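Q: One structure coming up, written as C-alpha cells, with questions to follow.
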Amino acid sequence: MPETPEILALIGDLLRTQKLAVLSTQNHGQPYCNLIAMAATADLKYLLFATTRATRKYANLMADSRVALLVDNRKNEIADFTEAAALTALGKVWELHGVERQRFLEVYLEKHPHLQEFVTGPTCALLRIKVEKYIVVSRFQEVREIQLPS
C-alpha cells in the first residue's frame, strides 16, 4: 500500500505523543514482552529505548535482534473500539556506543528527561531499533502497512 500523508501523520503523532510502548522479544521461540519508555527520531526510521544489561530483555535482544514494538493511544473506554489507534513497528535492534550513543541519547532525553540518571548509568544500554515496517490499525479493523527503505 502506498504511503499517504495521513498514515505518516498518524505514525508520527503516536510516536510523538505516547511515552510508553510494549517491546516484544523472544527466547528460543518463547515471546516475552516489556513495558518500555520509548522515543522516536524525527524521520521515524529509528526507535530508542534504554535497559540495564542484566535484564532478560537485554539477553533476549543479544541472542536475537528481531523485535516488535507496540504503541497505542487507548484510554480503556468503549470509544477505543472506533477511535483508538495501534502501531506495531517491526525491526532489528542494537546497542549504541560512542558518538552515535551520545547523538541518540539527546533525542531520548528530550522526551524522557526524568530518566537521565538511569540512562547515563554505567549498567544501562541505550538501544536503537531500525524500523523495517510499520503496521497501523485504526477504527478497530482498518490495517495499513508502511515498508521503510533499507
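The values are calculated or read from the model by the stated rules, or taken from the named source; none is laboratory data. As the structure is a prediction and not an experimental result, all values here were calculated from the model. Every residue, glycine among them, receives a Cβ derived from its backbone with ideal geometry; neighbour counts consider all protein chains shown. For accessibility, only protein heavy atoms count, side chains too; no ligands or nucleic acids. Shrake-Rupley method; radii C 1.70, N 1.55, O 1.52, S 1.80 Å.
Q: Have a look at A59, A40, A54 and point out the one that is at pLDDT 95 or above and closer than 20 Å to Q102 by Cα.
A: So the residue among A59, A40, A54 that is at pLDDT 95 or above and closer than 20 Å to Q102 by Cα is A40.
Q: Could I ask something else about it? Six or more apart or on different chains, Cβ atoms under 6 Å: show the pairs whose first residue is in segment 17-42 and hydroxyl-bearing (S, T, Y) and whose second is in a strand (DSSP E or B) and open to solvent by 50 Å² or more (accessible area, probe 1.4 Å).
A: S24/P31; S24/C33; T25/Y32
Q: For segment 1-26, give me each residue that is open to solvent by 70 Å² or more (accessible area, probe 1.4 Å) and either of a type in the set (S, T, N, Q) or in a strand (DSSP E or B) (or both).
A: If the condition is that a residue be open to solvent by 70 Å² or more (accessible area, probe 1.4 Å) and either of a type in the set (S, T, N, Q) or in a strand (DSSP E or B) (or both), then T17, L20 are the ones that fit.
Q: Looking only at segment 35-57, count every residue that is open to solvent by less than 30 Å² (accessible area, probe 1.4 Å) and either of a type in the set (S, T, N, Q) or more than 12 Å from the chain's Cα centre (by Cα) (or both) and tell me the total.
A: 3
Q: Additional query: Residues being touching a residue at least 40 places away in the same chain (Cβ under 8 Å), under 30 Å from F140 (Cα atoms) and not polar (S, T, N, Q): count how many of those fall in segment 84-111.
A: Qualifying residue count for the region: 9.
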